[in-house]
Amino acid sequence: MNIGISCHHTYGGSGAVAAELGKALAAKGHRVHFFSQAAPFRLGAFSRNIFYHEIEMMHYPLFETPFYTLALASKIAEVAFYEKLDVVHAHYAIPHALSAMLARQMLEDKCAESKCFKLATTLHGTDITVVGADRGMKDVVRLAINKSDGVTAVSGYLKNETVKMFNPKKEITVIPNFVDTSLFFRSPKKEIREQLGIGDEKIVIHISNFRPVKCIGDIIRIFYAVSQKSQATLLLVGDGPERSEAETLVRQFGIVDRVKFLGKLVDIVPLLSIADVMLMPSNAESFGLAALEAMACGVPVIATLAGGFPEFIEQGRHGYLLPPGDIEGMTEKALLLLSHEKHWQDCSEECVKQAKQYETTLLVEQYEAYYTKLLTEQ
Ligand code: GMT
């Protein structure tokens, strides 16, 4: 198939899923065209069957802000026509699904409707729960959903939220996040600890784009309480709007030497491989890709009874789920995992087993079947 993928390039789950999906489809022989403002952060090196189209925007003094949505639509239309795209897969409802919809209209005179690409849209989370909930954006998100030929959501939770908010015309299919366990597996290296200046203490990790939903403040508070009872280091991977507040809290708590802000790193396997617990106290999380990737590396997760976490993290088996904001509860469970070696080992092994249920190859087959279904439907 000839597949177009339109996604955000920035450090975040939707861009990661889009890039990993495109790479896996290309490895299976499909020709994959990426559309984004800059190269998606997980795209990596050149590979056969992958084509990347950077969206160039027109800058003209009359326009205060350039029109990304329109430039993207023009690019999709151009590539779809010349490369005969079968499917355009929009990751995140806006602007990607809207631009693809517009591209289709641009092509109306050029190709017969039956030959024009099918539009698949994957909802990732904040496109519904944050952007879709905004009064000014709601109707445009609804349009993007209803004008797509098919819509998928990354969890049952997100599907239900979407149905509640938008009552879409078509059935939403759940295709969860996935992980390539041939790349994400535990392989601890001593030199990583040395480079980070860490001895043999326990390691707590968090990876995200530091947005308010991630509750970075809770992470610092939990870790502070943990650090009072256990010799541990906190690795914070990523960056974003909540970082400076987190740094302030770390200073106030006097734990600067125990917390390492590592910034936006793409190669996270070496860090996950030395981690003992992943903290994800988000107050809303449609799936939680970083948690799944941690589990593939044998890292038990402490997350919240919110969003999609309960769909793949079982209480006491892969870690623990507590109500959002329950700092005391999360601290207690973190200490339990950090101090009971046998329990940690059991959870770690179960995490690896569970991650294999979300193997990239399995879920990519589901996306392929989904595209085929759209192409055969009238
Ligand atoms: O906030 C992020 O990390 C990015 C965010 C997004 O909306 O792009 O990620 C979402 O998509 C990921 C991949 O499907 C999911 O694993 C995340 O749970 C989801 N984030 C939220 O729902 C907050």
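Assorted remarks:
- Applying the condition of being farther than 26 Å from Ile128 by Cβ and touching a strand residue (DSSP E or B) at 6+ places or on another chain (Cβ under 7 Å) to the range 297-314 and asking which residue is nearest to the ligand (Cβ to nearest atom) yields Val299.
- Within this structure, Val163 fails the test of being free of Cβ contacts under 8 Å to residues at least 24 places away in the same chain, of a type in the set (Val, Ile, Thr) and within 14 Å of the ligand (Cβ to nearest atom).
- Among the candidates Asp109, Asp86, Asp139, residue that is among the charged types (D, E, K, R) and either outside the structural domain of Glu54 (by TED's automatic domain parsing) or touching a helix residue (DSSP H, G or I) at 6+ places or on another chain (Cβ under 7 Å) (or both): Asp86
- Scope the range 200-225; condition hydroxyl-bearing (Ser, Thr, Tyr) and over 24 Å from the mean Cα position of the chain (by Cα); matching residues: Tyr224
- Only a single item in (1) of a type in the set (S, T, N, Q); (2) surrounded by 20 or more Cβ atoms within 10 Å (Cβ to Cβ); (3) not in a helix (DSSP H, G or I) is not met by Thr331, and it is number (3).
- Contact map, the range 18-32: residues that are not assigned by TED's automatic domain parsing to the domain that holds Leu289 paired with residues that are of a type in the set (S, T, N, Q) and assigned to a strand (DSSP E or B), Cβ distance under 6 Å, separation 6+ or inter-chain. Pairs shown: Arg31/Asn2.
- Filter pass, Val259 being free of Cβ contacts under 8 Å to residues at least 40 places away in the same chain, more than 16 Å from the ligand (Cβ to nearest atom) and not polar (S, T, N, Q): yes
- Listed by position, the strands (runs of 3 or more DSSP E) enclosed by the range 251-321 that each have at least 1 residues that are hydroxyl-bearing (Ser, Thr, Tyr) are 301-304.
- Residue check, Phe117 touching a strand residue (DSSP E or B) at 6+ places or on another chain (Cβ under 7 Å) and away from the ligand (no atom under 16 Å from the Cβ): yes
- Among the residues of the range 268-294, those identified as more than 15 Å from the chain's Cα centre (by Cα) and more than 10 Å from the ligand (Cβ to nearest atom) are Val269, Pro270, Leu271, Leu272, Ser273, Ile274, Ala275, Asp276, Val277, Met278, Leu279, Pro281.
- Test: residue in the range 225-240 that is in a helix (DSSP H, G or I) and modelled with pLDDT under 95: no
- Within the range 288-308, residues that are within 13 Å of Thr181 (Cβ to Cβ) and not assigned by TED's automatic domain parsing to the domain that holds Tyr320 reach no partner that is of a type in the set (A, V, I, L, M) and near the ligand (Cβ under 10 Å from one of its atoms) with beta carbons closer than 9 Å at six or more positions or on different chains.
- Within the range 84-113, residues that are in contact (Cβ under 8 Å) with a residue 40 or more places away in the chain and part of a strand (DSSP E or B) have Cβ atoms under 7 Å from residues that are of a type in the set (Val, Ile, Thr) and within 16 Å of the ligand (Cβ to nearest atom) in these pairs: His89/Ile5; His89/Thr122; Ala90/Thr121; His91/Ile5; His91/Val17; His91/Thr122, counting only partners at least 6 apart in sequence or on another chain.
- Sole exception among (1) among the small types (Gly, Ala, Ser); (2) within 23 Å of Tyr157 (Cβ to Cβ); (3) surrounded by fewer than 21 Cβ atoms within 10 Å (Cβ to Cβ) for Ser339, by number: (2)
- Screening Val130 on (1) more than 16 Å from the ligand (Cβ to nearest atom); (2) touching a helix residue (DSSP H, G or I) at 6+ places or on another chain (Cβ under 8 Å) shows it passes everything except condition (1).
- Criterion applied to Val174, Val151 was being within 16 Å of the ligand (Cβ to nearest atom) and in contact with a Pro (Cβ under 7 Å, 6 or more places away or on another chain), and the one residue passing it is Val151.
- Glu285 being crowded, with 24+ Cβ neighbours inside 10 Å and either at pLDDT below 95 or not β-branched (Val, Ile, Thr) (or both): yes
- Enumeration of residues in the range 208-232 that are in contact with an Asp or Glu (Cβ under 6 Å, 6 or more places away or on another chain) and more than 16 Å from the ligand (Cβ to nearest atom): Gln231, Ala232
- Picking from residues in the range 11-48 that are assigned to a strand (DSSP E or B) and buried (at least 22 other Cβ atoms within 10 Å of the Cβ), the one that is farthest from the ligand (Cβ to nearest atom) is His33.
- Residues of the range 177-207 satisfying the condition of being within 14 Å of the ligand (Cβ to nearest atom) and at positive phi: none
The values are calculated or read from the model by the stated rules, or taken from the named source; none is laboratory data. Everything numeric here is computed off the predicted structure, so don't read it as measured data. Neighbour counts run over all protein chains shown; Cβ positions are idealised from the backbone, glycine included.
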